[in-house]
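J.: Quick one: the structure is below, questions incoming.
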Amino acid sequence: MKIVLLVLLSLVVSPVHAAQWLPDPLRVAQAIGAQPEVQAARARLDAARAQARARAVGPHEVTASAIVQQRNVDEAEGGRGYREYEVQVGRAFRLPGKVALDRSIGELGVLAAELRLDDARHQAARRLLDGWTAWLRADAQRRELDAQLQALRREHAALGRRVQVGDAAQKDLDLLGVDLAQAEAQHLAASSAVDVARQALTTDFPSLPLPARVPEVTVPQPLTEPAEVWARRIVERSHEIAALEADAAQADALAARSRADRFADPTIGLRLMNDRGGAEQALGVVVSVPIGGRYRSATAAAESAAAAALHGDAAALHRDIRREAERSVEAVRVRYAQWQAQRRAWDASQAASQRVHRGWQLGELPLSDWLMAERMQRQIALNETEARIAAEEARLRVLVDSHELWHDE
């Protein structure tokens with residue numbers, strides 16, 4: 001009856017209510033934004049925007065040069081001296097098409113940096129989920145072991161009173177004491193694990209306030225849509241794939257820019273000369289054009305090859321993330337089914353342990369039979385706890401990876 005009620009509850013609880021064991025989304029966003037990796041990605045975005053502005057205006061600047069000289073004429077021609085000067089001002093100009101390519105390169109660089117900022121947030125969200133569920137798991141194990149320990153203490157105290165009145169043997173009390181000591185040791189280890197998990201969360205996400213009482217995962221939730229929908233959503237919303245595709249597109253633009261650079265930008269300037277003390281003056285236009293050679297051709301070929309490599313990397317990453325997405329979605333189904341099986345085993349083992357316990361109390365069975373059944377029941381209870389947390393963690397992982405949880409967009 002208990003398992004039926006739990007399953008029915010899992011069907012009617014909405015995703016909003018199912019998130020009661022998760023931290024406040026606003027606090028999560030603040031904690032993720034404070035992560036050093038996210039701050040570094042934000043700084044790289046600022047750098048990319050500055051680089052885009054630089055590419056938009058271009059690398060060419062006005063160049064000015066001046067020559068001032070003293071000319072001395074041989075005495076045979078009168079022995080005179082002249083002050084002369086020459087001034088030149090020029091600037092290189094990008095050929096048509098290069099400006100658009102430079103702007104495209106800068107915009108794609110900004111896009112890639114924005115996507116990597118989003119991916120940094122996503123990776124931080126995944127780390128938070130790992131730390132949070134580790135904390136929930138450790139406390140769930142501690143809570144289960146605490147209940148078991150309290151039950152054993154009550155049983156030990158009751159048996160001790162029976163021994164005092166001669167209604168039970170001392171050896172039975174000794175046997176039960178062994179199980180009680182083992183349960184105490186397990187409880188101490190579990191309590192320590194909770195403290196370690198909490199400290200890890202505090203260290204990794206210091207700005208995220210943790211509740212005094214660890215939230216309890218009561219019933220894991222199944223996914224609400226078909227598996228293929230979730231897998232496709234994870235791939236389509238992957239910032240990692242999109243960032244690498246933006247890198248590949250930028251590399252294409254860089255390759256096109258290198259091919260365009262085989263025809264170098266001309267430099268155009270004005271030249272003013274004043275010779276022989278002003279007796280000779282000249283004003284002219286200076287045009288200079290570097291003649292591209294094998295270096296420029298080799299650079300263009302290298303950029304094209306680099307772009308092709310990035311396209312290959314993007315395709316491989318798309319394949320890997322698709323495979324991981326399908327595996328993650330399938331894990332939700334499998335772990336939810338495992339939890340259901342463990343819950344049925346828990347119900348059956350609890351009923352069996354109660355029957356054996358009743359038989360021992362009536363003197364029909366030895367204490368060793370009940371202790372064996374009780375040990376099995378305790379282990380099955382811990383297995384059910386682990387399966388419950390694992391099932392919910394798998395579902396939350398899919399929600400995070402599909403950007404349905406802890407993502408602004």
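J.: Among the numbered criteria (1) open to solvent by 70 Å² or more (accessible area, probe 1.4 Å); (2) part of a loop (DSSP other than H, G, I, E, B); (3) among the hydroxyl-bearing types (Ser, Thr, Tyr), which one does residue 295 miss?
T.: (2)
J.: Right, here's the next one. Say whether the condition of being of a type in the set (D, E, K, R), assigned to a helix (DSSP H, G or I) and either surrounded by 20 or more Cβ atoms within 10 Å (Cβ to Cβ) or touching a strand residue (DSSP E or B) at 6+ places or on another chain (Cβ under 7 Å) (or both) is met by at least one residue in the range 151-163.
T.: The answer is no, given that none of the residues of the range 151-163 is of a type in the set (D, E, K, R), assigned to a helix (DSSP H, G or I) and either surrounded by 20 or more Cβ atoms within 10 Å (Cβ to Cβ) or touching a strand residue (DSSP E or B) at 6+ places or on another chain (Cβ under 7 Å) (or both).
Conditions (1) touching a His at 6+ places or on another chain (Cβ under 9 Å); (2) assigned to a helix (DSSP H, G or I); (3) closer than 30 Å to residue 214 by Cβ; (4) at pLDDT 50 or above, marked per residue:
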site	(1), (2), (3), (4)
18	no, yes, yes, no
31	no, yes, yes, yes
43	no, yes, no, yes
50	no, yes, no, yes
53	no, yes, no, yes
56	no, yes, no, yes
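J.: Moving on to the next point. Return the pair list, or none, for Cβ contacts closer than 7 Å from residues in the range 335-356 that are without any contact (Cβ under 8 Å) to a residue 12 or more places away in the chain to residues that are surrounded by 20 or more Cβ atoms within 10 Å (Cβ to Cβ) and part of a helix (DSSP H, G or I), at least 6 apart or on different chains.
T.: none
J.: Ok, one more. I need a count of the residues in the range 298-333 that are among the β-branched types (Val, Ile, Thr) and either modelled with pLDDT under 95 or open to solvent by 50 Å² or more (accessible area, probe 1.4 Å) (or both).
T.: So the count comes out to 1.
J.: Where the second residue is assigned to a helix (DSSP H, G or I) and of a type in the set (Phe, Trp, Tyr) and the first is under 21 Å from residue 200 (Cβ atoms) and lies in the range 139-155, which pairs have Cβ atoms under 8 Å and are six or more apart or on separate chains?
T.: Listed pairs, sorted by first residue: none to list.
J.: Also, quick follow-up: Considering 121, 27, 103, which residue is assigned to a helix (DSSP H, G or I), open to solvent by 40 Å² or more (accessible area, probe 1.4 Å), touching a helix residue (DSSP H, G or I) at 6+ places or on another chain (Cβ under 7 Å) and within 24 Å of residue 401 (Cα to Cα)?
T.: 121
J.: What number goes with the only condition from (1) surrounded by 15 or more Cβ atoms within 10 Å (Cβ to Cβ); (2) over 30 Å from residue 92 (Cβ atoms); (3) β-branched (Val, Ile, Thr) that residue 267 does not pass?
T.: It fails just one condition, (2).
J.: Let me ask you something else. Please enumerate the residues belonging to the range 368-409 that are more than 21 Å from residue 218 (Cβ to Cβ), surrounded by fewer than 22 Cβ atoms within 10 Å (Cβ to Cβ) and of a type in the set (A, V, I, L, M, F, W, C).
T.: Matches in the range 368-409: 371, 372, 373, 376.
J.: If a residue has to be surrounded by fewer than 14 Cβ atoms within 10 Å (Cβ to Cβ) and within 27 Å of residue 149 (Cα to Cα) to count, how many in the range 196-209 make the cut?
T.: Total satisfying the criteria: 2.
The values are calculated or read from the model by the stated rules, or taken from the named source; none is laboratory data. Note that the structure is predicted; figures quoted are calculated from it, not measured. Using ideal geometry, Cβ is built from the backbone for each residue, glycine included, and neighbour counts are taken over all protein chains shown. Side chains included, ligands, DNA and RNA excluded: accessible areas come from the protein's heavy atoms. Shrake-Rupley method; radii C 1.70, N 1.55, O 1.52, S 1.80 Å.
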